[in-house]
Amino acid sequence: MTMSNGSTENKPPFRIFVGYDPREELAYQVCRHSITKRSSIPVSITPIVQSDLRKAGLYWRERIPLESTEFSFTRFLTPHLSNYQGWAMFVDCDFLYLADIKQLVDLIDDKYAIMCVQHDYTPKETTKMDGAVQTVYPRKNWSSMVLYNCGHPKNRALDPETVNTQTGAFLHRFQWLEDEEIGSVPFVWNFLEGHNCVVEGDPHTKPKAVHYTRGGPWFDAWKDCEFADLWLAEMDEYVKEKNKKEAD
């Protein structure tokens, strides 16, 4: 989907790849809706669907029990899917955007190979979402929303062979990069529900993108999580728009 307005209409759309899991179809649609509704720049949003990548011969690794979603590893194909050109973003589907994505794009600095929120995070829960095991590892949640400088020479390492054969540690900890090649983004762009906190009177702590990393309101067990009301309101709006389009 693309959007444009006035001064930005001649720019190519900013590419966004969203992790997709059939169990979280609604989460994907609401995430997508929350981005496009607020975006003042053209965006193209593509779901990363594992079954499609398998058919295309880009993904063939066997799934292991530690993979809580179908996009645990496919996310790292983002530079390849972008033909190793320009900047693109990967984001998990369990995000709700509350701000204009242009504000995030404006933070991009070409000197970095990737940029992300550099969380210092250890989850309290042993399970998440629909009972999936909650794993703990260094740089936990860094890979859940990443701005990729797809044209950076170091990101050529993320070819299908590497994504299909390298360890989870190598990929999720960005071990193909040096530390100084990883840029930092304010935590409000990957605000971890249940972990990060809004500080009263401090606008710099107000989430611009809520990440329901433990599980979101689309799962019965998480219908009362923090910021559930915002997600449910976005879902209602998405469903109404969808029904109106289908009726027209």
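Points worth noting:
- Amide H contacts of THR46 (H built 1.01 Å from N, under 5 Å, at least 5 apart or other chain): ILE16, PHE17, VAL18
- When the Cα positions of TYR84, ILE101, SER68 are compared along the charge dipole of the chain, TYR84 comes out farthest toward the positive end, with charges on each C-beta of Lys, Arg, Asp and Glu.
- Under the Karplus curve 6.51 cos²θ - 1.76 cosθ + 1.60, θ = phi - 60°, whole-Hz ³J(HN,Hα) for region 167-174, x wherever Gly or Pro sits: 6, x, 4, 4, 6, 5, 9, 6
- Three-way shape call for region 14-247 based on the alpha-carbon gyration tensor, with the a/c threshold at 1.5: rounded
- Computed from phi, the 3J(HN,Hα) profile of region 69-83 under the Karplus parametrisation 6.51, -1.76, 1.60 (θ = phi - 60°) reads 9, 6, 10, 3, 10, 4, 3, 7, 7, 3, x, 5, 5, 9, 6 Hz, with x in place of Gly and Pro.
- Cα lying deepest toward the dipole's positive end in region 14-247, options THR205, LEU230, TYR20, charges on Cβ: TYR20
- DSSP-assigned coil residues among GluC sites (Glu not before Pro) in region 192-248, each with at most 14 further Cβ atoms within 10 Å: GLU200
- Think of each Lys and Arg Cβ as +1 and each Asp and Glu Cβ as -1; about the Cα centre, that makes the dipole of the chain roughly 480 debye.
- Basic side chains Lys and Arg get +1 at the Cβ, acidic Asp and Glu get -1 at the Cβ, and with that the dipole of region 139-248 about its Cα centre reaches some 240 debye.
- Near ASN141, no amide H atom lies under 5 Å from its own; only residues 5 or more places off or on other chains count, and H is placed 1.01 Å from N.
- Of the chymotrypsin sites (Phe, Trp or Tyr not before Pro) in region 46-97, the ones in a loop by DSSP (not H, G, I, E or B) with at most 16 other beta carbons within 10 Å are TRP60.
- Normalised contact order of region 14-247, rounded percent, pairs of Cα under 8 Å and 6 or more residues apart: 23
- Which listed pairs, of LYS37/LYS206; LYS37/LYS244; LYS140/LYS208; LYS37/LYS223; LYS37/LYS208; LYS55/LYS240, have C-alpha distances above 25 Å, in listed order: LYS55/LYS240
- Relative contact order for region 8-100, counting Cα pairs under 8 Å that sit 6 or more residues apart, in percent: 47
- HN-Hα J in Hz across region 27-38 - Karplus 6.51, -1.76, 1.60, θ = phi - 60°, x for Gly and Pro: 4, 4, 5, 6, 4, 4, 4, 5, 6, 5, 4, 9
- Cα-centred dipole magnitude for region 27-93, charges only on beta-carbon of K, R (+1) and D, E (-1), debye, nearest 20: 180
Every number in this text was worked out from the coordinates using simple rules, so none of it is lab data. These numbers were taken from a predicted model, which means no experiment stands behind them. Methodologically, a virtual Cβ is constructed for each residue, glycine included, from the backbone with ideal geometry; neighbour enumeration extends over all protein chains shown.
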